[in-house]
Structures are given as structure tokens and as C-alpha cells.
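As C-alpha cells, the structure follows; a few thoughts come after it.
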Amino acid sequence: MPPLSVLSIDVHGRGVTLGRAVLDVLSGAPSREYPGPPVRIRRRGSTGPVPRSLSPVPNL
């Protein structure tokens, strides 16, 4: 099986950035850009075969 790629996202950091932006807007601050934490692409190993317990059961 080929390797997988996943996105690694700092969800907490994105929430903090959004919170700052909202508070700035509510306080009347001038608009500006709010760069958030970086999104990284990570190479992961293959998931391997599906375990039997998760395989579909044939109709009887």
C-alpha cells in the first residue's frame, strides 16, 4: 500500500488567532491580516489491510 499524507493543523492556535481577530473588530481596531499557525503536510505510513472485525459481513 502506498504511504499516506495528512495535514497537521494547530486547531488551538487557529482558535486563538480567530479570537484575537474578533476582539479587535469588536474594539474598533483597523482591519489587518491575522496570520495563523502553519499547516504542515506530513507523510504517514500505510494503514495496512482492513482488520477482519471491520470487514463487511457478506449477506446471508
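The values are calculated or read from the model by the stated rules, or taken from the named source; none is laboratory data. Keep in mind the model is a prediction, meaning the values are calculated, not measured. Please note: Cβ atoms are built from the backbone with ideal geometry, for glycine as well, and neighbour counts cover all protein chains shown. Note: areas computed on protein heavy atoms with side chains; ligands, DNA, RNA excluded. Shrake-Rupley method; radii C 1.70, N 1.55, O 1.52, S 1.80 Å.
Of all residues in region 10-33, those that are basic (Lys, Arg) have Cβ atoms under 9 Å from Cβ atoms of residues that are assigned to a loop (DSSP other than H, G, I, E, B), 6 or more apart or on another chain, in 14/36; 14/37; 20/34.
Looking at region 34-47 only, could you name the residues that are more than 15 Å from the chain's Cα centre (by Cα) and either surrounded by fewer than 10 Cβ atoms within 10 Å (Cβ to Cβ) or assigned to a helix (DSSP H, G or I) (or both)? Even if it seems obvious, please write down each step before you answer.
Restricting attention to region 34-47, the residues satisfying the condition of being more than 15 Å from the chain's Cα centre (by Cα) are 34-35, 45-47.
If the condition is that a residue be more than 15 Å from the chain's Cα centre (by Cα) and either surrounded by fewer than 10 Cβ atoms within 10 Å (Cβ to Cβ) or assigned to a helix (DSSP H, G or I) (or both), then 35, 45, 46, 47 are the ones that fit.
Please find, within region 1-33, the residue that is farthest from residue 44 (Cα to Cα) out of those that are small (Gly, Ala, Ser) and open to solvent by less than 70 Å² (accessible area, probe 1.4 Å). Only one residue tops the list, namely 28.
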